[in-house]
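Every number here is computed from the coordinates shown, using simple stated rules; none is lab data. These numbers were taken from a predicted model, which means no experiment stands behind them. Every residue, glycine among them, receives a Cβ derived from its backbone with ideal geometry; neighbour counts consider all protein chains shown.
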Amino acid sequence: MRAAGYSLIEVLVAAAVVAVGLTAATVLVGSIMSQQELNLVSLRAANLQEQAVTLYRLGVEPTNIRAIMPEICADSSTPSQGTFSLTFGVSNNVNLAIGGVTNSYLSNTCTVIFPNPPGGTGATTYSTNTVTVLMPSQP
């Protein structure tokens, strides 16, 4: 007569299934946390860029904008962790015809570069976002 209970093989198979599930859950949590950190840094960079463009449209010189921003801004293509690179291009006059009326605009670009959160390889990678700024030329 066989005693009731689980065999050693059944216990080992169940332990392997549980181990695979726990490993998958740990990897998932780690990737979600790193993606959340990247999203936070990207949001901060977009907010910084929006504030810089608003200041530029209000007439603040691009050379002064970095000094008054709430985030640490550098003029470097490789900013360190926790800082952003904020640069403006050269202003150009552009004539645009809209509805048969030609108006003169001032065109410029605003670029923000920021380091991505450290990954598994330890290498620093950077993300860049550039927007074009148009504003009416002053008469």
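Tabulated results
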| read-out | value |
| --- | --- |
| Crossing angle, helix 8-57 versus the chain [Cα axis fit, 0-90 degrees, rounded to tens] | 10 |
| DSSP-defined antiparallel bridges as percent of all bridges, the chain, nearest 5 | 90 |
| Among I65, I98, I113, residue whose mean-square fluctuation peaks in a GNM of the chain (springs only between Cα atoms under 10 Å) | I98 |
| Extension reserve of the N64-V94 stretch, reckoned as 0.36 nm per residue once the Cα distance is removed | 8.4 nm |
| Sorted peptide list for 18-31, 67-80, criterion being average Cβ within 10 angstrom, highest first | 67-80, 18-31 |
| Identified option (computed Cα Rg over 2.2 N^0.38 Å; candidates [x] 1.04; [y] 1.85; [z] 0.96) | [y] |
